[in-house]
Amino acid sequence: MSIFLIYFLFMLPPLIFMIWAQARVSSAYNRYSRVRNMSGLTGAQAAQTLLEHNGLGDVKLEGVKGKLTDHYDPRHKVLRLSDNVARVPSVAALGIVAHEVGHAVQHKAGYGPLKLRSALVPAASLGSRFGVICVILGIVLLAFNVAFGETLAWVGVWLFAAAVLFAVVTLPVEFNASNRARRMLQATGLVSTKEYDGASAVLSAAALTYVAALLQAVAQLFFFLFLLIGMRR
């Protein structure tokens with residue numbers, strides 16, 4: 001069996017799941033971005049309301065280019081919103097901004113998994129960039145019977161494992177932010193029961209993409225381990 005076929009077998013299931021998850025996100029967002037919320041608040045206005053509700057007056061709002069690129073930057077205490085969220089009074093915008101404010105609340109509360117994820121960023125960035133390179137180069141060297149190749153490949157595996165760990169820690173961070181978002185939307189009365197269901201649907205769909213990212217990372221790590229253990233034999 002060729003190495004390309006083995007890689008395909010490892011990566012196909014998480015790839016299918018990722019495609020399905022992305023389709024769910026696009027479907028939910030496209031549907032509820034066309035539904036005007038009862039309060040008539042744009043995403044930016046809703047974000048300001050939720051920040052004030054949580055005593056986060058020191059968090060700034062900024063714009064960011066792209067679609068669904070909204071995020072909270074804990075280093076600078078900045079909530080960045082895309083135009084389609086910041087300027088539109090939609091149900092989808094309420095769900096998205098509430099989720100990002102949820103991250104700001106996590107930051108303020110010193111939420112453990114968020115602190116751990118932030119600490120892992122340098123290692124995860126290094127691992128995702130150089131881990132794969134080290135593994136591939138190490139395997140090539142092993143094919144030419146260069147002893148150092150195995151050591152280099154295992155270094156790559158450990159580097160990539162840091163990226164996998166980052167993906168693992170990301171799950172509770174994102175799910176917790178979505179749960180906080182749901183509670184905030186209800187507590188502030190920004191949504192009706194029907195709108196709550198719509199915003200929740202957007203949050204649930206988005207959460208699937210983080211699960212898919214984790215499955216892809218784990219599958220790739222297992223593929224590397226399969227290759228190295230197989231070459232040892």
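Only residues in segment 39-58 that are under 11 Å from Val85 (Cα atoms) and among the β-branched types (Val, Ile, Thr) count as the first member; pair them with residues that are part of a loop (DSSP other than H, G, I, E, B) and modelled with pLDDT of 95 or more, Cβ under 7 angstrom, at least 6 apart or cross-chain, and list the lot.
Thr42/Arg87; Thr42/Val88; Thr42/Pro89
Of the residues Leu165, Leu152, Leu114, only one is within 15 Å of the chain's Cα centre (by Cα) and more than 26 Å from Ser200 (Cα to Cα); which?
On the way: Leu152 fails: within 15 Å of the chain's Cα centre (by Cα); Leu114 fails: more than 26 Å from Ser200 (Cα to Cα).
Of Leu165, Leu152, Leu114, the one residue that is within 15 Å of the chain's Cα centre (by Cα) and more than 26 Å from Ser200 (Cα to Cα) is Leu165.
Consider segment 189-208. How many of its residues are over 15 Å from Glu100 (Cβ atoms), touching a residue at least 60 places away in the same chain (Cβ under 8 Å) and either acidic (Asp, Glu) or surrounded by 17 or more Cβ atoms within 10 Å (Cβ to Cβ) (or both)?
Residues that pass the stated criteria total 7.
Would you check if Asp83 is touching a strand residue (DSSP E or B) at 6+ places or on another chain (Cβ under 9 Å) and among the charged types (D, E, K, R)?
Working: touching a strand residue (DSSP E or B) at 6+ places or on another chain (Cβ under 9 Å): yes; among the charged types (D, E, K, R): yes.
Judged against the criteria, Asp83 is a match.
Can you find even one residue in segment 169-178 that is part of a helix (DSSP H, G or I), small (Gly, Ala, Ser) and touching a Gly at 6+ places or on another chain (Cβ under 8 Å)?
Initially, segment 169-178 is screened for residues part of a helix (DSSP H, G or I), giving 169-178.
Add one more test, that the residue is small (Gly, Ala, Ser), and what stays is 177-178.
Restricting the remaining residues to those that are touching a Gly at 6+ places or on another chain (Cβ under 8 Å) gives 177-178.
Yes.
Check segment 69-77 and report whether any residue there is within 16 Å of Tyr29 (Cβ to Cβ), part of a helix (DSSP H, G or I), of a type in the set (D, E, K, R) and touching a residue at least 24 places away in the same chain (Cβ under 8 Å). Full working, then the answer.
The first filter runs over segment 69-77 and keeps only residues within 16 Å of Tyr29 (Cβ to Cβ), leaving 69-71.
Among the residues that remain, those that are also part of a helix (DSSP H, G or I) are: none.
No - not one qualifying residue is present in segment 69-77.
What number of residues within segment 80-99 are in contact (Cβ under 8 Å) with a residue 24 or more places away in the chain, among the polar types (S, T, N, Q) and not in a helix (DSSP H, G or I)? Steps first, please.
Initially, segment 80-99 is screened for residues in contact (Cβ under 8 Å) with a residue 24 or more places away in the chain, giving 81, 84-99.
Narrowing the set further to residues that are among the polar types (S, T, N, Q) leaves 84, 90.
Narrowing the set further to residues that are not in a helix (DSSP H, G or I) leaves 90.
The qualifying residues number 1.
The values are calculated or read from the model by the stated rules, or taken from the named source; none is laboratory data. Since the structure is predicted, the reported quantities are computational estimates derived from the model, not experimental observations. Neighbour counts are summed over all protein chains in view; Cβ atoms, including those assigned to glycine, are modelled from backbone coordinates with ideal geometry.
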